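Colleague: There's a structure below that I have some questions on.
The values are calculated or read from the model by the stated rules, or taken from the named source; none is laboratory data. The shown structure was predicted, so the numbers you read here are calculated from the model rather than taken from an experiment. Don't worry about glycine lacking a Cβ; one is built from the backbone with ideal geometry, like all the others, and counts go over all protein chains shown. Keep in mind that these areas ignore ligands, DNA and RNA; they rest on the heavy atoms of the full protein, side chains included. Shrake-Rupley method; radii C 1.70, N 1.55, O 1.52, S 1.80 Å.
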Amino acid sequence: MRKKLVRLHHLHALMVIILLLSGAMLYVTPTRTWFNQISFPLVTFHIVIAIIYVVIVIFSLRPLLRYISKAPRLKKFNGRLMITAALLWSGSGVIMYFQASFPVNVRNQAVLIHDLSTLLMTPWIFTHTIGHFFHLRVGWPKWWRTKSPLPPVIQENVWTRRDFLKFSGIGLVFLAIGSSIKWMLPTFSIATEENKRRGYFRIYNVTNDYPRYEESPWNLRIEGLVDRSADLTMEDLRRLPATTFVDDFHCVTGWSVHGVEMKGVKVKDLLDDYEIKPGGEFVTAYSGDGEYYDSFRTSQLVDEGALLIYEFDGRPLKKAQGYPCRLYHPSMYGYKSVKWVNRLEFTKERELGYWQKSGGYDVDGYL
């Protein structure tokens, strides 16, 4: 039994480390983007490892509970802590994966729980792993690390000064490590502090650089199966009747940003003003990064209120948000909101978008 538990423990530790590393790579923009560039399905990999991890936890749960029922208090604590973490990770992960079946507030809380449980567990997993590798031992009280009877002061819930200082010191160290990680991680994932909103945008790209339209002119090309092509500058776009509205921005990975004020021009108004009549049933929107694109039915852009957005919350888009212009459909997930959009091409056949080819995302992307 002991050998079996040791093997399960090592396998469990390996899965947790892989999950932490792949999760961190998904969270941090440069690494997530790099995996996109080499066409490695990091999200799918993370989900597959998570499923294997849950299977291992379920398989080992019965012998683990039997073991910790007779184990020293420290072992009981470790076992119960990991069971709690497994429940939080798997429960929130299921909600994030099947997010379309849950209300926005529920899936936002699931993302928060998934992140916070990881941040809180990371210091413990790190010290636990280092301790095993280098055979380091924390000076726990004997009654905590063995089956020794509780001393009278503990039985009476009265700690000695030494016990109090030891437990308080370790708690402060873990709190400091977890807090520092929580403080630093958003700086890796968000381009600037100004990108934060009610819930903040997690910036996802498929290249590790942004188009530099601050240094070169931007224009929007409308072409393909239309009665006339057109090239619009930002000045042309801003001369058209603007639409301002407040909406919640939803990402297919589970997070949302509430109450974002958006300003832009409806695709329908643009086509009407320039007297452009599409002849194609479909339209593909291309990004100025040279890699990203997505497709729509023409009716989805023209008849469903899709816009070309150039302001968030009364300010021009930041570079990381798609400056100077991004496409936005109010009833679709964020992956349909092509950043740095610079070309709309109307076609007879539908072109599958970047994430339909690379990640199996739904072609329409409705919320």
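Colleague: Which residue, LEU344, TYR361, ALA320, has the largest displacement toward the positive end of the dipole of the range 320-367 when charges sit on each Cβ (Lys, Arg +1; Asp, Glu -1)?
Modeller: Checked the options; the winner is ALA320.
Colleague: At a threshold of 8 angstrom on Cα-Cα distance, excluding pairs fewer than six apart, so keeping six or more, what relative contact order does the chain reach in percent?
Modeller: Details: 511 pairs, mean separation 53.5, N = 367.
The normalised contact order for the chain reaches 15 percent.
Colleague: Based on Cβ point charges of +1 for Lys and Arg and -1 for Asp and Glu, what charge dipole magnitude is obtained for the range 238-309 about its Cα centre, in debye rounded to the nearest 20?
Modeller: Charge dipole, the range 238-309, about its Cα centre: 200 debye, nearest 20.
Colleague: Can you show me the helix-derived [θ] at 222 nm for the chain, built from DSSP H runs with n ≥ 4 at -39,500 (n - 2.57) apiece and divided by the number of residues, rounded to the nearest 500.
Modeller: Calculated at 222 nm, the ellipticity per residue is -16000 deg cm²/dmol.
Colleague: What residues qualify as long-range amide H neighbours of LYS266, i.e. H under 5 Å apart, gap of 5 or more or another chain, H built at 1.01 Å from N?
Modeller: Here THR243, LEU308 satisfy the definition.
Colleague: Report the antiparallel proportion of the DSSP beta bridges in the chain as a percent, rounded to a multiple of 5.
Modeller: Values: 35 of 39 bridges.
About 90 percent, rounded to the nearest 5.
Colleague: About the Cα centre of the chain, how large is the charge dipole given +1 on each Lys and Arg Cβ and -1 on each Asp and Glu Cβ? Please answer in debye to the nearest 20.
Modeller: Taking the Cα centre of the chain as origin, the dipole is about 3580 debye.
Colleague: So which helices of the chain fit the span-like rule, where a helix is a whole DSSP H run, its Cα atoms reach 30 Å or more along the axis, and its mean Kyte-Doolittle is at least 0.0? Could you put the intermediate results ahead of the total?
Modeller: Working: long enough: 2-27 (37 Å, 1.01); 42-68 (36 Å, 2.12); 73-97 (35 Å, 0.50); 104-134 (45 Å, 0.61); 161-189 (42 Å, 0.69).
Span-like helices, by this rule, are 2-27, 42-68, 73-97, 104-134, 161-189.
Colleague: Springs between alpha-carbon pairs under 10 angstrom, Gaussian network model over the chain: which of PRO324, PRO149, PRO241 fluctuates most?
Modeller: PRO149
Colleague: Still on this structure, I have one more. Can you tell me the dipole magnitude for the range 276-367 around its Cα centre, using point charges on the Cβ only (Lys, Arg +1; Asp, Glu -1), in Debye to the nearest 20?
Modeller: On the way: 12 positive and 13 negative charges, 54 e Å.
Approximately 260 debye in magnitude.
Colleague: Under 10 Å, Cα contacts only: if you run a Gaussian network model on the chain, which one of VAL267, VAL173, VAL206 comes out with the highest mean-square fluctuation?
Modeller: For the chain, modelled as a Gaussian network with Cα springs under 10 Å, the answer is VAL173.
Colleague: If I take R0 = 51 Å and measure r between the Cβ atoms of SER216 and VAL48 in this structure, what FRET efficiency does the formula 1/(1 + (r/R0)^6) give, to the nearest 0.05? Let's see the in-between values first.
Modeller: On the way: r = 41 Å, r/R0 = 0.81.
Efficiency at R0 = 51 Å is approximately 0.80.
Colleague: How many percent of the accessible area of the chain is carbon or sulfur, using a 1.4 Å probe? Can you show the working numbers first?
Modeller: Working: 12340 of 19830 Å².
Carbon and sulfur: 62 percent of the exposed surface of the chain.
Colleague: Next up: Based on alpha-carbon centroids, what's the gap between the range 232-285 and the range 20-48 in Å, whole number please?
Modeller: 30
Colleague: Further question: List the residues whose amide H sits under 5 Å from the amide H of GLY353, counting only those 5 or more places along or on another chain, with H placed 1.01 Å from N in the peptide plane.
Modeller: So GLY353 has HN proximity to SER295.
Colleague: Sticking with this one: For the range 261-366, which trypsin sites (Lys or Arg not before Pro) pass both filters: DSSP loop (anything but H, G, I, E, B) and at most 12 other C-beta atoms within 10 Å? Don't skip to the end; give the middle numbers.
Modeller: Values: sites: LYS263, LYS266, LYS268, ARG297, LYS318, LYS319, ARG326, LYS336, LYS339, ARG343, LYS348, ARG350, LYS357; in loops: LYS318, LYS339, LYS348, ARG350.
Passing both the DSSP loop test and the Cβ count: LYS348.
Colleague: Please identify, among ARG137, ARG32, ARG202, the residue showing maximal mean-square fluctuation in a Gaussian network model of the chain using a 10 angstrom Cα cutoff.
Modeller: Result: ARG137 has the largest fluctuation of those listed.
Colleague: Which pairs break 18 Å Cα to Cα here: LYS75/LYS147; LYS268/LYS357; LYS4/LYS142; LYS277/LYS357?
Modeller: From the list (LYS75/LYS147; LYS268/LYS357; LYS4/LYS142; LYS277/LYS357), the Cα-Cα distance tops 18 Å for LYS268/LYS357; LYS4/LYS142; LYS277/LYS357.
Colleague: To two decimal places, what compactness ratio does the chain give when its Cα radius of gyration is scaled by 2.2 N^0.38 Å?
Modeller: For the chain, the normalised Cα radius of gyration comes out at 1.25.
Colleague: Further question: Let me have the relative contact order for the range 265-354, percent, based on Cα pairs under 8 Å that are six or more residues apart.
Modeller: 38
Colleague: Per residue, what accessible area does the chain have, given a 1.4 Å probe and all protein chains present, in Å²?
Modeller: On a per-residue basis, 54 Å².
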